[in-house]
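I have placed the structure first, in the form of structure tokens, so that the comments after it can refer back to it.
Coordinate-derived values only; no laboratory data. The structure displayed is predicted, hence computed values, not measured ones. Neighbour counts are summed over all protein chains in view; Cβ atoms, including those assigned to glycine, are modelled from backbone coordinates with ideal geometry.
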Amino acid sequence: MRESIIMKIHYGTALGAVALVAVHILMRMSQKFSDSLQYQNVITNYHFLPYALMLEAILILLSVHGFNGLRVILLELKQGSTYEKMINYGSLAAMAILIAYGSRTILMAGMGVS
Amino acid sequence: MAVVEAPKPSEESNTKTSSQPNTITLRIARSNPSEGQEPSFSEFQIPVQKWTTVLEAILYVKQNFDHSVAVRYSCRQASCGSCGMKINGRPALACYTKVSELNSNVITVEPMNNFPIIRDLAVDFKQLISNHKKMKPFIIREDSEVTPESKEFIQTPQDLEKFLQFSYCIKCGLCNSACPTMATDTSFIGPQGLAQAYRYVADNRDKGKDDRLKIVDDSHGIWRCHFAGSCSQVCPKGVDPAMAIQLLRGYLLGFRK
């Protein structure tokens, strides 16, 4: 993939994450902050499909943005074709693992499995 | 060769107002990596006038104290880009920097950062020149061969203004030396190469835009610029490579056509 496409994704995910995290924080203000962290309230959030989808979107956006950012930093620290391949594929794998693990949590909480 | 103390404040003010030559200490970084010589500094006491340039001070050392000091220079008028070095920690052209404007009695000259050192103040420009060539620094178009029917490629002053300042680049390497990305990413094209790519991309006579955009759109290309802006700060010719990089990014992001 061309670097410009990767960077477009990088900037896009940043903007998307800022917008959705803002919504996520504003939702905490619909009640007292301490109440919003009560077990039942958190579970209710996961049971509300649009909110669960938003959490999934935040997870994907932040994972993609964060691991690409880390990839860029690591590419600047050291060079070499083997190292760069390792970093590129390693970042992709880490991204996929984090998304899979986070999605599993969202899915299980949404289905009421604890 | 001698180590001297900086003149006391009263002496300093006296010398500044008089027309007598001031005396400064010139510290020259010495090293010879090919012979495993560790970096060190040689110090020399140099008489200077208010118009003396750092290059003239170095040449004074070569003429009077130590002819083995390695320094690259040619035109002495900021046109050839040969005498780039770090002067009191800041990349600058030695021929274009007057000792008097440094406001110090101790001048330290070192080879530029981010370049392999050949010896003392002379650095290797191989990578800079190779990156410059990689940008295809010439007008690309099918009909560029001159024929009897050839007509000049007409440009308006507005067309010219888009790239003119970037054509003032003298390839002195100061921008690459000041670039923080180049310090860690040795494969980075660098502000000089990227500014040259923009110079030709913005030229309406050129048809090689797509080729050049492909070259800079690399994992060690244009996207690795952090926009620190130090390249533009140190350019002795008033070129603004940081701006060129941002404008070039506009083409890749689709904001500019």
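Would you kindly calculate the translational diffusion coefficient of the range B:55-124, applying Stokes-Einstein with the Kirkwood radius from alpha carbon pairs, for 10 °C and a viscosity of 1.306 mPa s, and quote it in µm² s⁻¹ without decimals? Before the final figure, lay out each step's value.
On the way: Rh = 12.3 Å.
Estimated via Stokes-Einstein, D reaches 129 µm²/s.
Return the FRET efficiency for the residue pair A:Ala100, B:Arg90: r is the Cβ-Cβ distance, R0 is 51 Å, and the value is rounded to the nearest 0.05.
On the way: r = 50 Å, r/R0 = 0.98.
For A:Ala100 and B:Arg90, the calculated efficiency is 0.55.
Using a 10 Å cut-off on Cβ atoms, rank the peptides A:69-78, B:236-245 from the highest mean neighbour count down. Present the calculation step by step, with values, prior to reporting the outcome.
On the way: A:69-78: 16.2, B:236-245: 20.6.
Per-residue Cβ counts within 10 Å, averaged per peptide and sorted highest first, yield B:236-245, A:69-78.
On average, how many beta carbons from a partner chain sit within 10 Å of the beta carbon of a residue in B:186-197? Mind dumping the intermediate values first?
On the way: counts 3, 5, 3, 0, 0, 0, 0, 0, 0, 0, 0, 0.
Mean partner shielding for this stretch: 1.
Cβ neighbours within 10 Å, averaged per peptide: list B:77-85, B:176-184, B:203-211 in order, most packed at the top. Display every interim value, and only then the final one.
On the way: B:77-85: 20.6, B:176-184: 22.2, B:203-211: 16.1.
Answer by packing, highest mean first, reads B:176-184, B:77-85, B:203-211.
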Fill in: Fraction of the pair-distance distribution of the protein assembly as shown above 27 Å, Cα-Cα pairs, percent
63 percent
Worksheet entry | chain B, relative contact order in percent, only Cα pairs under 8 angstrom and at least six apart counted | 17 percent
Fill in: Ellipsoid semi-axes in whole angstrom, largest first, where each is sqrt(5λ) of the Cα gyration tensor of the range A:1-65
29, 12, 8
Worksheet item: Other chains' Cβ within 10 Å of B:161-171 residues: what's the mean?
Response: 0
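Based on DSSP H runs of at least 4 residues, each adding -39500 (n - 2.57), what is the mean residue ellipticity at 222 nm of the protein assembly as shown after dividing by all its residues, to the nearest 500 deg cm²/dmol? Numbers along the way, then the final one.
Numbers: 15 runs with 180 residues, N = 371.
Taken over the protein assembly as shown, the calculation gives -15000 deg cm²/dmol.
In what sequence, highest mean first, do A:88-96, B:41-49, B:190-198 appear when ranked by Cβ atoms within 10 angstrom? Write down the numbers at each step before the final one.
Working: A:88-96: 14.8, B:41-49: 16.7, B:190-198: 28.8.
Packing proxy ranking, top to bottom: B:190-198, B:41-49, A:88-96.
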Worksheet item: Per the Debye formula with a single identical scatterer at each Cα and no solvent contribution, what log10 I(q)/I(0) holds for chain B at q = 0.17 Å⁻¹?
Response: -1.20
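Could you tell me which helices of chain A pass both thresholds, a Cα extent of 24 Å or more along their own axis and a mean Kyte-Doolittle hydropathy of at least -0.5, with helices taken as whole DSSP H runs? Can you show the working numbers first?
Numbers: long enough: A:3-28 (37 Å, 1.20); A:49-77 (42 Å, 1.57); A:81-111 (44 Å, 0.70).
Correct list, ordered by number: A:3-28, A:49-77, A:81-111.
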Item to complete: Per residue of B:240-253, count partner chain C-beta atoms within 10 Å of its C-beta, then hand back the mean as an integer.
Response: 1
Worksheet item: Expressed as a whole percent, how much of the Cα-Cα distance distribution for the range B:125-253 exceeds 24 Å?
Response: 26 percent
Fill in: No Cys partner within the rule (Cβ under 4.7 Å), chain B
B:Cys83, B:Cys95, B:Cys169, B:Cys172, B:Cys179, B:Cys225, B:Cys235
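Once you list every other residue whose beta carbon is under 15 Å from the beta carbon of B:Asp66, what net charge do they have if Lys and Arg are +1 and Asp and Glu are -1? All intermediate terms of the calculation are to be shown ahead of the outcome.
On the way: positive: B:Arg27, B:Arg30, B:Lys62, B:Arg119; negative: B:Glu43, B:Asp120.
Around B:Asp66, the surrounding residues sum to +2.
Mean separation of Cα pairs under 8 Å and 6+ residues apart, divided by the residue count of the range A:28-114: what relative contact order is that in percent? List each step's numbers first, then the result.
Numbers: 44 pairs, mean separation 36.0, N = 87.
Taking the mean separation of contacting Cα pairs over the length of the range A:28-114, I get 41 percent.
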Worksheet item: What FRET efficiency would be calculated for the residue pair B:Leu160, A:Ser81, taking the C-beta separation as r and a Förster radius of 51 Å, to the nearest 0.05?
Response: 0.75
Worksheet item: Using the alpha-carbon atoms, what tilt in degrees (0 to 90, nearest 10) does helix B:241-253 show relative to the longest principal axis of chain B?
Response: 20 degrees
Worksheet item: Per residue, what volume in Å³ does the convex hull of the Cα atoms of the range B:42-186 enclose?
Response: 177 Å³
Worksheet entry | Where the Cα pairs of the range A:3-111 fall when distances are cut into 10 Å bins, in % | 14, 37, 28, 15, 6, 0
